[in-house]
Structure formats: C-alpha cells, structure tokens
Amino acid sequence: MKRILAIVLAAMMLFAVCAACNKDSGGSNNGGGSGGGTNNANAPANLDAGRDEVTIVLTGAAKQISPNYRLWNAERITAWNCYETLLVYHGAEPVPYLAESWEYNADGTQLTFHLRKDVKFSDGTPFVAEDVKASIENNKESAYQSNYSDDIIDIQCPDDHTVVLTTGDESGPKPNALVLYNMTWIYILPHEKLAKETNEWFKENLCGTGPYTIKNWDKTTGATVWEYRDDYWGVDYWGHEPYIKKITGYVYEDEYSRSIAIESGEVEFCRLYGESTYDTLVQAKGLKIEKVPTLVTYYLIFNTEKEPWNNKLVRQAASYALNRQMILETTNKATGVASSCLANSMMVGYYNDVQMYDYNPEKAKELLKQAGLQTPYDITDGTFIYGENELHVQVIAQNLADIGINIQLDKRDTSTVETAQFNGDFSLSLSGQGSYGNDLGHLSQIFYSDKIGTGLNWAHYRNSEVDKMFLDYIQDVSDGRKEKAHKLLEYIQDESPYALLFEQGEIFVYEEKLHCPMFTDGIYFFMNWYWTK
Amino acid sequence: MIKYVIKRILMVIPTMLAVLIIIFTILALSPGNPGRLILGSTARQEQVDALNHQFGVDQPFLTRLWNYFRDLLHGDFGTSYTSQTPVINEIKGRFPYTLKLALYSMGLAAVIGIALGIITAIRQYSIMDNVLTSIAMILAAMPSFFFGMFAIYIFSLKLGWLPTNSSMSWKGWILPVVTAALNTAAALLRLTRASMLETIRSDYIRTARAKGADERTVIWKHALRNALMPVITSLALRLGGMLGGSVVVEKVFNFPGLGNYTVTAVQAKDMPTVMSSTLILSTLFCLVMLLVDIAYGFIDPRIRARYTTGSRQRS
C-alpha cells in the first residue's frame, strides 16, 4: 500500500514538473526572438521590433507545393508568399507586381507586359520573359489551373523583359479582358527548371521569386515553417524589409480545435472556416476577429427549361419571395452577406443601382398574378434537388410556399445532384458556394448557351442576346467596358435565371497585437505583417 | 504447433481477398465523381472528365478490379485522388504515428489496468476497491471523444499546460495517449479484477497457500498467469483496433494517424486510399489475432500440448 502510494506521488510530481516547464504556445516567440526586424526606415511607429515570428493555423497538410496543382490552404499560403505573379488585384484595380506595366495593342488582341529587371528566383537565376512563357505553357497542362491560361493562344518574348500574349480561341486572335485578371493566378516558375525537371519536381521543391521559402515541411503532420530569404528582390517594392521573418504553421483540421488553439494562445493567427465557435471567440480577450469579403457566391438555380421557371416574371417573383436574411441565420450568420445582385459586390462590373430583389412577398404575389400563374401552384415537372444545406432548402421552400408555389424536396448524394443539374432533371437546385472570378465577365460561365449540359449553365438558360452581351463585354479592353458591364448586369438582373442568396465571407481570428492585412478572398502576404507594441 | 501457425497464416489470405473485393465493389458502385470532388463545382466538365480518365474511373468495373489487383501484386497501392501522391507514401508516413499511439496507449492501459485490477481483486470490498471500480465504470462508459475534449478544455485552454497538437512537441502526445488509454485501462481493470477473483478462489490456489507459499508467490506465480489469459485477448483485440487507427482520438487531437486519414478518404471518396488503408488494417488485425493465438500456445501449456507433433491430447 505504502509502495503504491509512493509510486502515485512520484508520478504526480513528474507530471507537475513536465507541465510546469513552460506554457509553450508552440513556436512563437513571446517577446524574444531572433533579433526582430532589421533597419527599416519606413517601419510603423508602433512596431514591436522584438517579435519576428508568427504561428498560424493550417486547415490541412500540404501534399505538394507546386502552384500549378490543386491549391488548398497550406498550398495557397506557399503560392502567395513564395511565388509571385505578374500582377495582383487589390479590390477592383490591378497592381503591378513582377510586371512593371502593361498595355493592349490597337485591336485588343495582344497584351504586352514589361517585366521588372531586378528579380531573382530563390536559386539565384534572374527572372526573364522566357520564365513567363514557360509558366503559362506549364499552366496550360495543369488539370487544376488551366482555365486561367485557356484564352492565351500565343506567347512571344521579343526581349528578356517583354512578353506579348495573344488572346483568343481556336478560331483565332480575339480580345479578352479577362486574361489580365487570369494572370494573377499564373505563378511564375523558372523556365530552365521547367525544361529540366518534371512537374513532380515542383511538387516537392520550391523555386519561386517570392520573399519566403519553405524551411521545413513535414508531409505527414503538415507542420510547415516558412522563412524570409535574405536575397529577396522586392524590399524596395514593398517599401521595407520584412518584419516577420519566420512563420510556423500547424494543422488543425476541425473548427473546434482551431478555436481552442487560437484561444489558448497555441497559435496566433487562424482562418476559422466555420461559424460554430464564432460566438465564443467574439468574447475571448486579446483576440481580434475580422470578416474578409470574398468572391464566393451562392445561388438558387431555376431550371428555365421547365415550368414555371421558363417565365421571367415567375423567376422574379420567386427572387422577391426569398428571405435571404433568414437563410443566412440558419448557417452563415457571421460570414454571409445577404444579396440579390448576381454579381458579387467585389467584382469588377458590379453596380448597386440595378434592380435588386429585396424581400417582398407582396410584390412577389403581384408578379405571379401578372405572369398568370394560378396559386396555389404545385410544381409537377421536377423537384428541388439538393445534396447539402438542408436548412437553406427548407427556408427557400417555405418562402415559396408563402407566395403559393409548392415544390417537393429531393435530397440526394452530391454527385448525383451535379449529374441532374447537367441533365436538367430538376426544377430548382442550389449551386455550390464558389468563386467564378473577379470580373462580371467570368459569370459568362453560368450564362453562355453552349455551356448547357457541358459546363456551368445549370439553369439551362438560353438567350442569344445575353451570349452576345457577355462576349461583347469580355472582348472590350477599353474603358468603354464599364458601360457595357452596367447594361449587362441590368439585363441579367432582370432576366434572373438565378437568384443570388448571399455572398460568403471568411472569418479570421488573430491576436490583437498582430497587424495582418488581408485582401479579397482572404489572400495575405507575410511581408505586410508585423507585431505591434 | 508449426502446422497450426502456418494454417492460421494461410487463412489470412482468403480473408483479405474477400474484404478487398467487398470494399472495392461497394466503393465502385457508390455514386461519386472524384474529378468533380477535387476540382470543385466551378471546374469545366472537360477538366473533370480528363481527371476522371486519369484516375481510371471511367473504365468498366471488372477492368478496374483487375487493374487494382494487378497493381497491388506489383506493390503499387495506387495514387490518392485528393493528394495525387502515392498512397503507400502517405501510409508509411502515418503508420508510425498510429503504431506509436497504439503501443504507448495500450502499454499505459496495461500497466494501469492490470496493476489496479490485481490490487482491487486482492483488496476486494475495501474502500480502494470500491473507489477504483467506480472510477473504472465511469471511464469505461465515457466516450473517448468526450474525455478528449474535456482534457483539451482543462489542460490546454484553461491551464495552458499541454498543447493540443502533437506535432508541436512531445508534450503534444500526452493528451492523445492518455485519452486513448483510459477507456482500455478501465476495461482491463474490471476484467483483470474479475479474472483474478475467479482464479484466486480456485482449488490449486488454496492448495498453494496450504502448502505455505507466501502471498506474493501465490498471486504472481500461480494466480496471475492464469488470470491474464482473457486480459491478453482483450488487450490484443483493442491493440488490433488501435492499429487500424483510433479515429475518434485522432480526429479530436488532429493526430496524423491512419484512422484520421482513412475517414477523410472515405468522405472524399478517395478509393485508392480507402482500399489501401482497409488492406493494411485488415492485415494488421489478422496478424495481431494470429500473434495472440500463438502467445496462447506459449502461455497455456494445455493449448501447446494439443498441438504437439504426433499426438493430440484430450484435456
């Protein structure tokens, strides 16, 4: 008995010693560090120069680090901070990055980029025009990213710092204003390495122009360490040397463990990916919660080939009947923004003076009368098919029932929902929450008549006038496209083959002393980050 | 005895074959489109079709089954749909974590469960016996995810003593190991106690005491060896299960083990990963059971005697 008691007491003491070693929040420096930022003439006044490390949450382990493959959380962070593109978009305006400037030729079929001359890759090779050419060609081969380079039909390099892209399709050169935005997703890789190595090499090895490189990468646990590279070209571009030199990422796969990690101080920056712990984190001390807008939207899809949705007035009525705020309350209270404009508010080509569909059941009923629809109306040609988001579906079905339209709900496996959407075997459905791009022209994917059954025109909406308007808008690279965007948006808002439900934002939680600006879609650059006092 | 071992090993093969065919058939017949799942809803159909073709999912069922077994025999476990990396590399990376978690937690459970089980059996009806068996009952009934989340809440969030993430440091292993061990320790405590109580009431134990053997010899040399038979079986069954990956513990603690990996693969309809993980799990389970049976032969002379060459002794 005495011996057992002694053993138990010894175990307790050992445990206490281990636990008392320190409250180590995993990799961050708590005031100490490797020396902080260097001489930085433009340093913010409240900079805490003694802290130059950050610990962040990763939502999944990176399995590869090539920017031309599937980019999920950890891979995206690597792409943003270790690779660079010719330009970036901060809001609606393009900002030069590896390209200093660009211009179109007279007929808009060629886009010429003038490249920076002081850029080097992490292996020391200088950045030249051939790198851009090789990167675009490599992107074309990617199953995951090739839609960004599809519209580039020719690439010429008249000199080492000039690239001329010819845009068009299989029928020949055509102007395409979307290519400029698409270039923000084509990361530049070194052409010599692309010629010498396979794509498999880039999955395992990093060679970019970006300020950071991967110091350590555990493929099993996903723990990743990024460090600033001292030979980075862009100190003048950013206006300062980096304040954060080391970033350590740990994987937390679910929202609960992410929220515990940020609340306990185990990590210092977290993308939440969910809302169930939002209310708890809002009350936590020492943390800041930031909601960042994204280009992600979520639509109700009307099958315009079936009754009653083949009638524009009925579609408009349904859109007025939707209580979007109630839909948000079910699952996206913190991250969603109710909207009825088919264009995301962050898009180029968005205007807020077009017809909107604010919740108005009386107006909806009026429109149904105008359409000649006798209510109550039971939809017999098709059902409301869905795979997930049952709560949204129930609210929508109830809203429609309130104006006299009744529809049968039909829950299915997600993949069979997609098949039915392609084949038109439905009356109503929901799109996945996705981003189509930052320009109104990108919405052509869900409107073009030739995308019915093969692409993303889930509404099976056939309108040659809309096809022409989209094409005209996309092929206009001048300032005149703004007016075209306005007209186009007015038209599709009126036609309403889809009803936008809400725009999806992202929630980030981080220590309040961390200054970490984020851009649309939650993109962030570690070069912008610093600790404050 | 050797004949017995060989026979048991050979029986593993048809078992594995049946498991693989059943799982492959279920996965192949279930609706799913890996290309769309990976590329997302905004990808073009041509891209999706190209990726599906790359994965071979557009081929007939029997062709796919044949290709799978052919590749398996060449040591090719396939490429994960989601990560596009060879599945065997992922399993090789994750299995050591699962193995270590299983061994540490089963070791801890065995030490705690068996030791306390012996004590409670020897001290039957004492206060210690009542307290320990009550605690064991509660822990056995408590789901491991509940204890895990509770432990995270107390030790990580409130006290800040231990990290939740095992990849941070060795301290990150404490909570998952203890969580995985407690349920088993509680079960082992109760089983050991019951088994010991039955054994120490046997005639031969009374005889040993009557012959003047001291209590330590009676318990450790005579009673324990026989009492441990069902305990070993239980421990082995649980170890076999743990080697397949304790999904709940791995999910709660973001543990990079095989269980977590397999569940994620099932959700993503990542067929090569699910098949390979199932193969590994089934093989391990069969091997563990085989080792238990062999161990029985060495622990229990009655079983060993039954299989000695040239004779089949009846008990």
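Within the stretch A:426-442, the set of residues being more than 9 Å from chain B (Cβ to nearest Cβ) and either under 30 Å from A:GLU362 (Cβ atoms) or surrounded by fewer than 17 Cβ atoms within 10 Å (Cβ to Cβ) (or both) comprises A:PHE426, A:SER427, A:LEU428, A:SER429, A:LEU430. The single residue among B:ARG193, B:ARG201 that is crowded, with 20+ Cβ neighbours inside 10 Å and of a type in the set (D, E, K, R) turns out to be B:ARG193.
Within the stretch B:96-118, the residues that satisfy the criterion of being over 24 Å from B:PRO230 (Cβ atoms) and either crowded, with 21+ Cβ neighbours inside 10 Å or touching a strand residue (DSSP E or B) at 6+ places or on another chain (Cβ under 8 Å) (or both) are B:TYR97, B:THR98, B:LEU101. Among residues of the stretch B:221-245 being among the small types (Gly, Ala, Ser) and open to solvent by 20 Å² or more (accessible area, probe 1.4 Å), the one that is nearest to the other protein chains (Cβ to nearest Cβ) is B:GLY241.
In the condition set (1) in a helix (DSSP H, G or I); (2) over 22 Å from B:GLY113 (Cβ atoms); (3) open to solvent by less than 50 Å² (accessible area, probe 1.4 Å), B:ASN254 is compliant with all but (1). Scanning the stretch A:264-280 for residues that are in contact with a helix residue (DSSP H, G or I) (Cβ under 6 Å, 6 or more places away or on another chain) and buried (at least 20 other Cβ atoms within 10 Å of the Cβ) returns A:SER264, A:VAL267, A:CYS270, A:THR277.
Taking the criterion of being facing another protein chain (nearest Cβ under 10 Å) and without any contact (Cβ under 8 Å) to a residue 60 or more places away in the chain, the residues of the stretch B:54-88 that qualify are B:GLN54, B:SER83, B:GLN84, B:THR85.
Only residues that are under 30 Å from A:THR294 (Cα atoms) and assigned to a loop (DSSP other than H, G, I, E, B) were counted in the stretch A:372-401, giving 3.
Could you tell me whether the stretch A:283-297 includes any residue that is surrounded by 16 or more Cβ atoms within 10 Å (Cβ to Cβ), in contact (Cβ under 8 Å) with a residue 24 or more places away in the chain and of a type in the set (S, T, N, Q)? Looking through the stretch A:283-297, at least one residue is surrounded by 16 or more Cβ atoms within 10 Å (Cβ to Cβ), in contact (Cβ under 8 Å) with a residue 24 or more places away in the chain and of a type in the set (S, T, N, Q). Note on the stretch B:137-166: among residues that are open to solvent by 40 Å² or more (accessible area, probe 1.4 Å) and touching a residue at least 60 places away in the same chain (Cβ under 8 Å), the one that is farthest from the other protein chains (Cβ to nearest Cβ) is B:PRO143.
Screening A:ASP472 on (1) in a helix (DSSP H, G or I); (2) out of contact with any Lys or Arg (no Cβ under 8 Å at 6 or more places or on another chain); (3) not basic (Lys, Arg) shows it passes everything except condition (2). Checking each residue in the stretch B:181-190 for being touching a Ser or Thr at 6+ places or on another chain (Cβ under 6 Å) and either open to solvent by 40 Å² or more (accessible area, probe 1.4 Å) or modelled with pLDDT under 90 (or both) picks out only B:ASN183. A:ASN310 falls short of the stated requirement of being in contact (Cβ under 8 Å) with a residue 12 or more places away in the chain and more than 13 Å from every other protein chain (Cβ to nearest Cβ). Residues that are open to solvent by less than 40 Å² (accessible area, probe 1.4 Å) and touching a Ser or Thr at 6+ places or on another chain (Cβ under 9 Å) within the stretch A:337-346 comprise A:SER339, A:SER340, A:LEU342, A:ALA343, A:ASN344, listed in sequence order. Take the residues of the stretch B:263-277 that are buried (at least 24 other Cβ atoms within 10 Å of the Cβ) and closer than 20 Å to A:THR59 by Cβ: which is modelled with the highest pLDDT? Per the stated criteria, the residue is B:THR273.
Restricted to the stretch A:404-421, and to residues that are over 16 Å from A:GLU307 (Cα atoms) and not in a helix (DSSP H, G or I), which residue is nearest to the other protein chains (Cβ to nearest Cβ)? So the residue we want is A:ASP413. Consider the stretch A:357-401 and keep the residues that are modelled with pLDDT of 95 or more and among the acidic types (Asp, Glu). The one that is nearest to the chain's Cα centre (by Cα) is A:ASP358. The single condition among (1) among the hydrophobic types (A, V, I, L, M, F, W, C); (2) assigned to a helix (DSSP H, G or I); (3) in contact with a helix residue (DSSP H, G or I) (Cβ under 7 Å, 6 or more places away or on another chain) that A:ILE155 does not satisfy is (2). The set of residues from the stretch B:159-214 being in a helix (DSSP H, G or I) and among the aromatic types (Phe, Trp, Tyr) comprises B:TRP170, B:TRP173, B:TYR204. Within the stretch A:223-230, does at least one residue satisfy the condition of being modelled with pLDDT of 90 or more, away from chain B (no Cβ under 14 Å) and assigned to a loop (DSSP other than H, G, I, E, B)? Taking every residue of the stretch A:223-230 in turn, at least one turns out to be modelled with pLDDT of 90 or more, away from chain B (no Cβ under 14 Å) and assigned to a loop (DSSP other than H, G, I, E, B). Working only within the stretch A:351-371, note down all residues that are in a loop (DSSP other than H, G, I, E, B), free of Cβ contacts under 8 Å to residues at least 40 places away in the same chain and more than 14 Å from A:GLN493 (Cβ to Cβ). Hit for the stretch A:351-371 is A:TYR359, nothing else. Among the candidates A:GLY453, A:GLY505, single out the residue that is surrounded by fewer than 23 Cβ atoms within 10 Å (Cβ to Cβ), farther than 30 Å from A:TYR243 by Cβ and modelled with pLDDT under 95. Of A:GLY453, A:GLY505, the one residue that is surrounded by fewer than 23 Cβ atoms within 10 Å (Cβ to Cβ), farther than 30 Å from A:TYR243 by Cβ and modelled with pLDDT under 95 is A:GLY453.
Within the stretch B:1-21, the residues that satisfy the criterion of being farther than 19 Å from B:LEU73 by Cβ and open to solvent by 40 Å² or more (accessible area, probe 1.4 Å) are B:MET1, B:ILE2, B:LYS3, B:TYR4, B:ILE6, B:LYS7, B:ARG8, B:MET11.
In the stretch A:214-233, the qualifying residues are those that are closer than 21 Å to A:LEU98 by Cβ and touching a helix residue (DSSP H, G or I) at 6+ places or on another chain (Cβ under 7 Å), and the one that is most open to solvent (accessible area, probe 1.4 Å) is A:ILE214.
The values are calculated or read from the model by the stated rules, or taken from the named source; none is laboratory data. Just so you know, these numbers come straight off a predicted model, no measurement behind them. Note that we place each Cβ from the backbone using ideal geometry, even for glycine, and neighbour counts take in every protein chain shown. Ligands, DNA and RNA are excluded from the accessible area calculation, which covers all protein heavy atoms including side chains. Shrake-Rupley method; radii C 1.70, N 1.55, O 1.52, S 1.80 Å.
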